[in-house]
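See below for the structure under consideration.
Quick note: the coordinates plus some simple rules give every number you see, no bench work behind them. These numbers were taken from a predicted model, which means no experiment stands behind them. Neighbour counts are summed over all protein chains in view; Cβ atoms, including those assigned to glycine, are modelled from backbone coordinates with ideal geometry.
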Amino acid sequence: MGVLMFPTPVERASASTRWLYRVALPIGLVLWLLPIIGVAMTSVRGPADLANGNYWGIPAQWHVLENYRDVFTHTPMGRYLLNSLLVSVPTVLGAVGLSCLAGYALGILRFRGNLLVFFLFVGGNFVPFQILMVPVRDFSLRLGLYNTMTGLVLFHIAFQTGFCTFFMRNFMRHLPRELIEAARVEGANDWQIFRRIVLPLVRPAIAALSVLIFTFIWNDYFWATVLIQGDRAMPVTAGLYSLNGQWVAQWQLVSAGSIVAALPPVGIFFLMQRHFIAGLTLGATKG
């Protein structure tokens with residue numbers, strides 16, 4: 001049996017390694033946060049600061065309330081946020097719901113062609129989505145789904161179900177087979193086993209997957225620009241660009257809108273953090 005190799009904990013590393021870690025970690029953290037800090041500072045600057053090239057210094061004019069108020073009063077930001085919510089929530093429900101059913105079929109049931117069907121789900125994740133841009137747009141026009149939130153939701157569900165099925169199938173496959181067999185002996189059918197035994201056991205995985213998919217869909221820019229045109233159904237990520245004026249770039253409003261747009265997925269992550277971590281580590285240890 002092979003020996004699993006794990007990185008040496010920092011506490012047990014050499015003195016030079018610990019020193020390098022203490023120096024490199026703050027530097028890496030600052031470099032990673034630098035763009036976010038720049039956006040946050042720009043969101044509270046006045047137009048004069050940006051016109052004078054003051055991008056990283058202390059703002060000469062603090063427009064904290066003004067910029068964030070103008071985002072909602074002078075732009076369709078509220079509508080964009082609502083559109084993103086109306087797209088993200090149904091997509092999460094549809095993709096996660098379908099993947100639970102497909103994961104049960106592929107992970108619990110035994111039938112001919114099981115592995116082939118699973119490979120089809122996995123293989124779809126390796127298709128570059130850029131090459132699907134033209135066919136998907138033409139297909140949405142033929143179905144009358146172009147420039148509608150319904151069309152965007154349906155295509156998101158179709159594209160995310162493959163990854164979600166891969167995720168759920170692997171979790172369900174490691175459930176104790178004894179529980180499934182005992183339920184069958186007691187006369188339970190597949191629907192009862194799925195609803196009363198499997199779903200409660202994979203609830204942390206469902207929570208983790210829901211947070212991931214919500215973040216993916218909320219932050220999607222590509223399909224929002226391909227399938228949506230105009231403010232009526234535009235999600236917030238694609239709508240941020242329209243916050244610029246026609247003749248003058250209003251980067252303070254774009255930055256304020258970007259901060260507002262980032263709050264929902266960040267908030268959901270912190271609210272679901274315990275379930276998210278539990279879902280990602282489910283099945284990591286045995287015994």
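Tell me whether the range 1-97 comes out rounded, prolate or oblate; compute the Cα gyration tensor, take square roots of the eigenvalues as a ≥ b ≥ c, and use a/c under 1.5 as the rounded threshold.
Details: a/c = 5.34, a/b = 1.40, b/c = 3.82.
It comes out oblate by the Cα gyration axes.
What do you get for chymotrypsin sites (Phe, Trp or Tyr not before Pro) in the range 179-271 restricted to DSSP loop and a cutoff of at most 16 other Cβ within 10 Å of the site's Cβ? It would help to have the intermediate numbers written out before the result.
Numbers: sites: TRP191, PHE194, PHE214, PHE216, TRP218, TYR221, PHE222, TRP223, TYR241, TRP247, TRP251, PHE269, PHE270; in loops: TYR221, TRP247.
Hits after loop and neighbour filter: TYR221, TRP247.
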Check your understanding: Which part of the range 60-81 falls in the paramagnetic zone of LEU263, meaning amide N under 16 Å from the point 7 Å along Cα-to-beta-carbon?
Key -> 64-81
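Rounded, prolate or oblate: which fits the range 10-67 when a ≥ b ≥ c are the square roots of the eigenvalues of the alpha-carbon gyration tensor, with rounded for a/c under 1.5 and prolate only if a/b beats b/c?
Details: a/c = 5.35, a/b = 3.74, b/c = 1.43.
Verdict is prolate for the range 10-67.
Could you work out [θ]222 nm for the chain from helices alone, using -39500 (n - 2.57) per DSSP H run of at least four and dividing by all its residues? Round to the nearest 500 deg cm²/dmol. Don't jump to the answer; show the numbers that get you there.
Numbers: 14 runs with 190 residues, N = 287.
My calculation for the chain gives -21000 deg cm²/dmol from helical runs alone.
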Point to revise | Exposed trypsin sites (Lys or Arg not before Pro) absent: longest stretch of the chain, with sites in DSSP loops and at most 14 other Cβ within 10 Å deemed exposed | key: 113-231
**Study point:** Alpha-carbon centroids, the range 135-151 and the range 185-254: separation in whole Å
**Key:** 18
Review point. What's the angle, to the nearest 10 degrees (0 to 90), between helix 77-107's Cα axis and the longest principal axis of the chain?
Key: 20
Exercise for review: Enter the angle in degrees (range 0 to 90, nearest 10) between the Cα long axis of helix 114-124 and the first principal axis of the Cα atoms of the chain, meaning the one along which they spread out most.
Suggested key: 10
Revision key, fill the gap. Taking Cα atoms, the helix 133-143 axis meets the longest principal axis of the chain at an angle in degrees (rounded to 10) of 80
Study note, to complete from the structure: Footprinting proxy, ILE27, ILE193: sorted fewest to most Cβ within 10 Å, the residues are ILE27, ILE193
Point to revise | Pairwise label distance in nanometres, GLN192 with HIS74, each label 7 Å out on the Cα-Cβ vector | key: 6.5
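Remind me, relative contact order of the range 10-67 in percent, using alpha carbon pairs under 8 angstrom and six or more residues apart? Can you show the working numbers first?
On the way: 32 pairs, mean separation 15.3, N = 58.
RCO, the range 10-67: 26 percent.
For VAL117 and LEU82 in the same chain, what is the full-extension length gain: residue separation times 0.36 nm, less their Cα-Cα distance, in nm?
On the way: separation 35, 0.36 × 35 = 12.60 nm, distance 3.65 nm.
The span from VAL117 to LEU82 would gain 8.9 nm if fully extended.
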Check your understanding: Quick one, what does Rg over Rh come out to for the chain if you take C-alpha atoms and the Kirkwood Rh?
Key -> 1.06
Check your understanding: In debye to the nearest 20, how big a dipole does the chain give about its Cα centre with +1 on each Lys and Arg Cβ and -1 on each Asp and Glu Cβ?
Key -> 780
Check your understanding: Given R₀ = 41 Å, FRET efficiency for LEU132-TYR55 by Cβ-Cβ distance, to 0.05?
Key -> 0.65
Review point. Between LEU31 and LEU199, what FRET efficiency follows from the Cβ-Cβ distance if R0 is 45 Å, with the result rounded to 0.05?
Key: 0.60
Exercise for review: Quick one: give the max-minus-min coordinate of the C-alpha atoms of the range 110-161 along each principal axis, largest first, in Å.
Suggested key: 41, 21, 16
